[in-house]
Every structure is written in structure tokens, then in C-alpha cells.
Amino acid sequence: MRHASLCRLVFAALLLTVCGCSKTSAPPATASDNSTANSANPSAANGSPAQPAPTPPTPPPPIVVPVGKVLTVTLDQTINSKIANNGDAFAASLAEPVTVDANVVLPTGTKVRGTIVTAQSAGKFKGNALLQLTLDSVSVNGARYPIQTSEFEEAGKGRGKRTATGAGGGAVFGAIIGAVAGGGKGAAIGALAGGGAGTAAAGFTGKKDIVLPAETRLHFKLVQPVSLQQGG
């Protein structure tokens, strides 16, 4: 009896030994596994948190062209009150640079766009021709900025203030002075004498239509400030 119990204990021990040997344990982590994990997460390997992406530089503030700044332009085309229509666009270029705090912000030659507010030919508006123009945009480095300016006005029979300037107006002025002084002959002499002296270029007399040739200088004033992006 005692011998049988001993045999059973020996048999049970053998079974436990065989079962323990048949179990496989997980292989230990190798150095190559550790290096792979560290390369995938370098901040963890160094023990420091990931650095944020650099912040892009802040763009410079815009330059503001103030109210009242005068824009002197030359027309890139001829405008005739007889054939122009209300709402027509026209092109012009700055004849003088625009400065802010002694810095040029709009150089000579900068392109501007305008609108013919009113175009009235002679005989359709109480016998007087009328032209009213305004500027509405300026182009800087390929970007177009809307602007608001005062209106230029040219009218027959002395209505409105003459602000158009250009070449060849002295002949008209000379002809008027000559006519007063000596009639028709004096008008011809006055025209020759004044041909190179004046600057008024609007071609109208009495009830004739108004013609502003290309290269005519016009003056406008900003009625709202304009913000121009630096380097834009």
C-alpha cells in the first residue's frame, strides 16, 4: 500500500516535469527591437517632448494713404463727351509719385482705373457739354485696390472748375485774348503767341463737345483712406 502511494507520487512528478518543459516562454527583447522603437520615437529616446513647428513671420502692417492725398494722373486714352457714356471705364497712369511719410508708396506710372460718371454731349443738356470723372481703383504689384476720390468736372460755358492740364492750351487762351484785343486777326496772332505758353488741354468752346486727349493731366483727391499691403 505504501509502495503504491509512492509510485503515484513519482508518476505525478514526472507528468509535471514533462508539462513544464513543453511550455514555451516569450523571447526576451533584443537590442535591435529597442533601437527600432527609439528611432520611431526620438523624443522618447532623448527623454524630451516633441518641439512645435516654427511660427511663420508676421506680415508687416499695411501702409495707409490718408484722406486728402492728391492723385495726379495722365489719361491713357482720349475721352470725348460726344461718344462717351455714363458708367464707361477709362485707364490712366500716375503722373507724379504718391508719398506717405516721405516714402514713395505709389510710383510714377502706377496704373489706375476710373469711371465716367456723367458724359453729356453739347445740345443734350441745355446746350452745354459736361464730363464728370472719378477714380475707383489702383493696381500695385498685381493687386487691385479700390479707392474713392473726388470728381473731376469739365463743362461748357465756364460751368465747373477747370482742372484738366496738358500741352497746347496756350493757343486757346491766346486766341481768346487776341479776339478781345483785335478781332479775328488778333485772334490768329494771339493763338500763335500763346501756343506754347498755356497748359489747359480740354478742347471745348461755347457749346462744343468736351475732348480730353490722351496724356491730359487730371487731379483727384482721396475722400477715403487706402490701405496698401507692403510687399503685396
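Below is a table of values for the structure above.
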read-out	value
All positions within segment 69-92 that are over 17 Å from L131 (Cα atoms) and open to solvent by 40 Å² or more (accessible area, probe 1.4 Å)	K69, V70
Subset of segment 121-138 (residues that are open to solvent by 40 Å² or more (accessible area, probe 1.4 Å) and modelled with pLDDT of 90 or more)	D136
Qualifying residue in segment 107-114 (condition: modelled with pLDDT of 95 or more, of a type in the set (A, V, I, L, M, F, W, C) and in contact with a Ser or Thr (Cβ under 9 Å, 6 or more places away or on another chain))	yes
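The values are calculated or read from the model by the stated rules, or taken from the named source; none is laboratory data. Since we're looking at a predicted model, the values are computed, not measured. Cβ sites come from the backbone with ideal geometry, for glycine too, and all protein chains shown count toward neighbours. The protein model used for the area step is the full one, side chains on, heavy atoms only, and it has no ligands, DNA or RNA in it. Shrake-Rupley method; radii C 1.70, N 1.55, O 1.52, S 1.80 Å.
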